[in-house]
Amino acid sequence: GFLRRPRIIAEWGPVQDEPHWYEGLAIVVTARRRSIEVDEVGIVLLPKKTRRRQAPEWLHAERPFRLPLGTKNLPKRLQDGESVRAFAELDATIDELHGIDGIAYTYVRASGAVYLAVDSKLRKRLQRPLGS
C-alpha cells in the first residue's frame with residue numbers, strides 16, 4: 001500500500017518563474033505504481049499531528065487552512081513515474097501563513113483523496129526571520 005501513495009518532496013532554493021528568479025519552495029509529486037489525477041498541491045496547517053498520511057478529500061475549503069501552490073498545468077493525470085511540480089515564492093508564502101497556528105504538512109489532493117507528507121524543516125522555514 002505504501003508504494004501506491006504518490007511521493008511528495010519539498011525542495012528549497014532558487015525557483016525560476018519567467019523572467020525572474022526567487023527563493024522559494026517547490027513541491028514535487030510523483031505517481032507510483034498507479035495513475036492519479038492531481039487537482040491541488042500545497043501546504044496545509046492542521047491543529048495537531050496526524051498519523052494518517054491519506055484521508056478522504058476535505059469537504060470544507062476553509063478548514064483546515066491550506067495554501068495551494070501555483071502551478072499552471074493542473075489538474076493533471078500522472079502515470080507511474082511521472083511528476084508535477086508546484087512552487088511558491090518564500091516571502092509571499094511566509095506572509096500568507098504568518099500568525100496561523102498549526103502543524104505544517106505538504107499535501108497533494110488527487111483522485112478523491114488527500115495525501116500528506118511530513119517535512120521536519122517546513123514550519124521552521126516558513127517563520128519570519130528575527131528582526132523582520
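The values are calculated or read from the model by the stated rules, or taken from the named source; none is laboratory data. This structure is a prediction, so every number in the text was calculated from the model and none was measured. Here Cβ is always computed from backbone atoms with ideal geometry, including for glycine, and neighbour counts include all displayed protein chains. Ligands, DNA and RNA are excluded from the accessible area calculation, which covers all protein heavy atoms including side chains. Shrake-Rupley method; radii C 1.70, N 1.55, O 1.52, S 1.80 Å.
Taken over the range 43-53, residues that are open to solvent by less than 10 Å² (accessible area, probe 1.4 Å) and out of contact with any Phe, Trp or Tyr (no Cβ under 6 Å at 6 or more places or on another chain) amount to 1. Here is the figure for the range 1-25: residues that are part of a strand (DSSP E or B), at pLDDT below 85 and charged (D, E, K, R) total 2. Scanning the range 90-120 for residues that are open to solvent by 60 Å² or more (accessible area, probe 1.4 Å) and under 27 Å from PRO19 (Cα atoms) returns ASP91, ASP95, GLU96.
The single condition among (1) surrounded by 14 or more Cβ atoms within 10 Å (Cβ to Cβ); (2) modelled with pLDDT of 85 or more that GLY81 does not meet is (1).
Remark: VAL28 falls outside the filter, which requires a residue to be open to solvent by less than 10 Å² (accessible area, probe 1.4 Å), of a type in the set (A, V, I, L, M, F, W, C) and not in a loop (DSSP other than H, G, I, E, B). Taking the range 54-78 as the range and being in a strand (DSSP E or B) and either at pLDDT 85 or above or open to solvent by 70 Å² or more (accessible area, probe 1.4 Å) (or both) as the test, the residues that pass are GLN54, PRO56, PHE65, ARG66, LEU67, PRO68, LYS76, ARG77, LEU78. Among residues of the range 79-93 that are under 20 Å from PRO14 (Cβ atoms), those with a Cβ under 6 angstrom from a residue that is at pLDDT 85 or above and open to solvent by 50 Å² or more (accessible area, probe 1.4 Å), sequence gap 6+ or separate chain, pair up as VAL84/LYS76. The single condition among (1) among the polar types (S, T, N, Q); (2) closer than 20 Å to ARG125 by Cβ; (3) open to solvent by less than 60 Å² (accessible area, probe 1.4 Å) that SER35 does not meet is (2).
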